[in-house]
1. Does the stretch 61-73 contain at least one residue that is touching a helix residue (DSSP H, G or I) at 6+ places or on another chain (Cβ under 8 Å) and open to solvent by 30 Å² or more (accessible area, probe 1.4 Å)?
2. Of all residues in the stretch 37-91, how many are hydrophobic (A, V, I, L, M, F, W, C), in contact with a Phe, Trp or Tyr (Cβ under 6 Å, 6 or more places away or on another chain) and under 18 Å from Gly10 (Cβ atoms)?
3. For residues that are farther than 21 Å from Gln1 by Cα and among the small types (Gly, Ala, Ser), scanning just the stretch 96-121, find the one that is surrounded by the most Cβ atoms within 10 Å (Cβ to Cβ).
4. If we scan the stretch 78-95, do we find a residue that is in a loop (DSSP other than H, G, I, E, B), open to solvent by 20 Å² or more (accessible area, probe 1.4 Å), of a type in the set (S, T, N, Q) and in contact with a Pro (Cβ under 9 Å, 6 or more places away or on another chain)?
5. Within 11 Å of the chain's Cα centre (by Cα) and of a type in the set (Asp, Glu), is that true of Glu88?
Amino acid sequence: QVQLVESGGGLVQAGGSLRLSCAASGTIFRINAMGWHRQAPGKQRELVASMTSGGNTDYADSVMGRFTISRDNAKNIVYLQMNSPKPEDTAVYYCNANIKRHAWVADYAYWGQGTQVTVSS
């Protein structure tokens, strides 16, 4: 079994900062890409940021320059530093990771349960 557990969500004022964490645990051979998606009420889930195991990153245009994704590969943790959040960043944030549980199986995409982030104006 593999679990992704997010933490760090909550209420933050616009212009403040917040850091989300997501720890992967269980039977893990290798983790490839890790990232964050979000889903606001009435909207589709969208990519916020992702990072490969080699450190290459991808960001949504809407968060570029404000949010930073990072990883601790030794601990299987991915972070999302949210600086200068805006009310439109309010959403449930989901961690995801492409994980190979054993050398002989393909990657599988795992998701966390989600953590609510609310940005007040």
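The values are calculated or read from the model by the stated rules, or taken from the named source; none is laboratory data. Keep in mind that this is a model prediction, so the values were computed, not measured. Positions of Cβ are generated from backbone atoms using ideal geometry, with glycine treated the same way; all protein chains shown enter the neighbour counts. SASA here: full protein model, heavy atoms, side chains in, ligands and nucleic acids out. Shrake-Rupley method; radii C 1.70, N 1.55, O 1.52, S 1.80 Å.
1. yes
2. Step one: list which residues in the stretch 37-91 are hydrophobic (A, V, I, L, M, F, W, C), which gives 40, 47-49, 51, 60, 63-64, 67, 69, 74, 77-78, 80, 82, 91.
Adding the requirement that they be in contact with a Phe, Trp or Tyr (Cβ under 6 Å, 6 or more places away or on another chain) leaves 48-49, 80, 82.
Of the ones still in play, those that are also under 18 Å from Gly10 (Cβ atoms) are 48, 80, 82.
Selection size over the stretch 37-91: 3.
3. Taking the candidates together, the pick is Ser120.
4. Start the filter on the stretch 78-95 by keeping residues that are in a loop (DSSP other than H, G, I, E, B), which leaves 84-86, 90.
Then drop every residue that is not open to solvent by 20 Å² or more (accessible area, probe 1.4 Å), which leaves 84, 86, 90.
Next, only the ones that are of a type in the set (S, T, N, Q) stay: 84, 90.
Narrowing the set further to residues that are in contact with a Pro (Cβ under 9 Å, 6 or more places away or on another chain) leaves 90.
Within the stretch 78-95 (the criterion being in a loop (DSSP other than H, G, I, E, B), open to solvent by 20 Å² or more (accessible area, probe 1.4 Å), of a type in the set (S, T, N, Q) and in contact with a Pro (Cβ under 9 Å, 6 or more places away or on another chain)), the answer is yes, since at least one residue qualifies.
5. Values: within 11 Å of the chain's Cα centre (by Cα): no; of a type in the set (Asp, Glu): yes.
The answer is no for Glu88.
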